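Nothing in this text is a laboratory measurement; each read-out follows from the coordinates by a stated rule. Treat the numbers as computed from the prediction; the structure is a model and nothing was measured. When we count neighbours, we look across all protein chains shown, and the Cβ atoms used for this are built from the backbone with ideal geometry, even at glycine.
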Amino acid sequence: MICPTHALGGAGCSFFLGGLFNSVQTFNAVSNRACSSLLMLACIGISIPSAASMILRNANSPTPDPDADPLDPEVHERWILEVSRGTAIILLVCYMCYLAFQLKTHSYLFKGDDDDAVPMLTLGTSIGLLTVITAVVAICSEFLTDSIKDVSKQTHLSEAFIGLIILPIAGNACEHLTACIVAMRNKMDLSMGVAVGSSIQIALFAIPFNVVVGWATGHPFSLDFTPFAALVLVVCVVNANFVTADATSHWLLGVQLIALYCLVSVAYFYQ
């Protein structure tokens, strides 16, 4: 769920390695502001149901607040579920708008310095390869997720640490490597697009889409995450937005992002 967490590591490594070869690097401020605000919007959308659920859960605890007005827990769950579904639809609409912004109305902001690049594959070949790769990844992911519990028992690592720290590193290794390579070539617009784009996709599409699919198939999937997970999400997004606010980067900013990623990793390791 903590989609910006692995983006911190990718962006941090990009800033650090790019800063070693280039003193100060810049990227498009307009596209960065759009992406940052979308991540913040997703953060708010996910945090509201989680925070509401925590407050309602405390109201129904054995020692509730005397000023609280406890209701039926089933009513609370239904309310959280309805709020999550409404939020999911809004986030999906925002993701569609983001695609239109990125691919149609303001595509020039995301092209960077790669306009002269010669494509190595045709459109049909690219779509075919992506389809095959997606199917293979889906099958591998099914086996991978089924083995998390066994791995957790054997290694004594928490499932949260394996799922949120180890798996994203392995699953996004090629993506982050690409972001680092283009950053060292001083193509920061492309590097930021790779590092942050996946987080936007997960936050605005994957998570809300799962809620909608669960709604359609009769599975009550909501945006009710643990308070700690919601807190980590907020901290990561706020810090990432703060670091990239002026659309410039250097190696020290990379160190800060990597340090925050390590702090989150340590917290989940001992959770």
For segment 203-271, run through the chymotrypsin sites (Phe, Trp or Tyr not before Pro) and keep only the ones in DSSP coil with at most 15 other Cβ atoms within 10 Å of their Cβ.
Tyr270
Compute the FRET efficiency between Tyr108 and Phe209 as 1/(1 + (r/R0)^6), taking r as their Cβ-Cβ distance and R0 = 30 Å, and round to the nearest 0.05.
0.60
Tell me, in nm to one decimal, what length is gained between Arg185 and Thr122 on full extension, where the rule is 0.36 nm per residue of separation less the Cα-Cα distance?
20.2 nm
If you compute semi-axes √(5λ) of the Cα gyration tensor in Å for the structure shown, which of (1) 34, 22, 21; (2) 40, 25, 17; (3) 26, 21, 20 do you land on?
(1)
Counting pairs of alpha carbon atoms under 8 Å apart in space and at least six apart in sequence, what relative contact order in percent does the chain give?
52 percent
Using a 10 Å cut-off on Cβ atoms, rank the peptides 15-27, 74-86 from the highest mean neighbour count down.
15-27, 74-86
Charge dipole (debye, nearest 20) of the chain; +1 at Cβ of Lys and Arg, -1 at Cβ of Asp and Glu:
520 debye
Two-site FRET efficiency, Thr145 against Cys262, from Cβ-Cβ distance with R₀ of 25 Å, rounded to 0.05
0.50
For segment 117-222, build the charge dipole from Cβ charges (+1 Lys, Arg; -1 Asp, Glu) around the Cα centre, then report which of Val137, Ile127, Gly197 sits farthest towards its positive end.
Gly197
Would you calculate a helix-derived [θ] at 222 nm for the chain, using -39,500 (n - 2.57) for each DSSP H run of n ≥ 4 and dividing by the full residue count, to the nearest 500?
-23500 deg cm²/dmol
Using 0.36 nm per residue, how much length does the chain from Leu130 to Cys174 gain when fully extended, once their Cα-Cα distance is taken away?
14.4 nm
